[in-house]
Amino acid sequence: MNIAVTGFSGTGKTTISGILARKLDKKLISTDEEIAKKTKLTPEKIVKKYGWEKLRETEADVVESLSELDEYVLDAGCGIVMRNENIVNLKKNGIIIFLTADARSIAAKLKMKEEKSDFPKSNYIDKIKGALNEFEERCKRAADYTIDTSDMSPEEASDLIVHYVQL
């Protein structure tokens, strides 16, 4: 069984995915890294050069190939669930965990990783709230479990996921 960890930037996806893979003795794979291997471009560069639709198409191709794997933890951006085919493919052999956090927690983490952020410094929280609203409902519907990481360490979040997986 695979575990796809998804969520908005700054919710702890990459860190929690790594801890989870170690705890469950599963292999870790990043959909962003797989997209970059396939296209020779980062997801951000695909969007800048070709637009969001091209990124969504590439994500779908990557998710389809990853759905054939077993015993993986997938570090997957929340845009993955914007296409129904991705949700179906991820659930063929796994579960989806959606990480969320309040806008202030996300803003604080993204400011620390400003090079990963698509948001200008001004109006940080307002822009994050808007992006969260766009994706959050879709992500929650797709997820088997939702975890709010606002007041939780990555270790605590991964322990909770382990608990869910063992149910």
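The values are calculated or read from the model by the stated rules, or taken from the named source; none is laboratory data. None of the values given here were measured: they were computed from a predicted structure. Cβ coordinates were reconstructed from backbone atoms using ideal geometry, including for glycine residues, and neighbour counts include every protein chain displayed. With ligands, DNA and RNA removed, areas are computed over all heavy atoms of the protein, side chains included. Shrake-Rupley method; radii C 1.70, N 1.55, O 1.52, S 1.80 Å.
Taking 26 Å as the limit for the C-alpha separation, the pairs Lys38/Lys140; Lys27/Lys49; Lys38/Lys91; Lys54/Lys140; Lys37/Lys92; Lys27/Lys92 exceed it in the case of Lys38/Lys140; Lys27/Lys49. With a Förster radius of 22 Å applied to the C-beta separation of Leu69 and Val162, the computed FRET efficiency comes to 0.65. Modelled this way, with points 7 Å down the Cα-to-C-beta line, the labels at Lys91 and Lys48 are 3.6 nm from one another. With percent of Cα pairs over 20 Å apart as the read-out, I listed (i) 57; (ii) 49; (iii) 52; which label goes with the value calculated from this structure? Identified label for the calculated read-out: (ii). Within segment 3-46, find all residues whose amide N lies under 17 Å from a label point positioned 7 Å from the Cα of Asp61 along Cα-to-beta-carbon. Under cut-off, by backbone N: 31-46.
Given Cα pairs under 8 Å that are at least 6 residues apart, what percent is the relative contact order of segment 1-113? Write out the running numbers ahead of the final one.
Values: 159 pairs, mean separation 53.8, N = 113.
Taking the mean separation of contacting Cα pairs over the length of segment 1-113, I get 48 percent.
Ranking Tyr145, Tyr50 by solvent-accessible area of protein heavy atoms (1.4 Å probe, all protein chains present), from largest to smallest, gives Tyr50, Tyr145.
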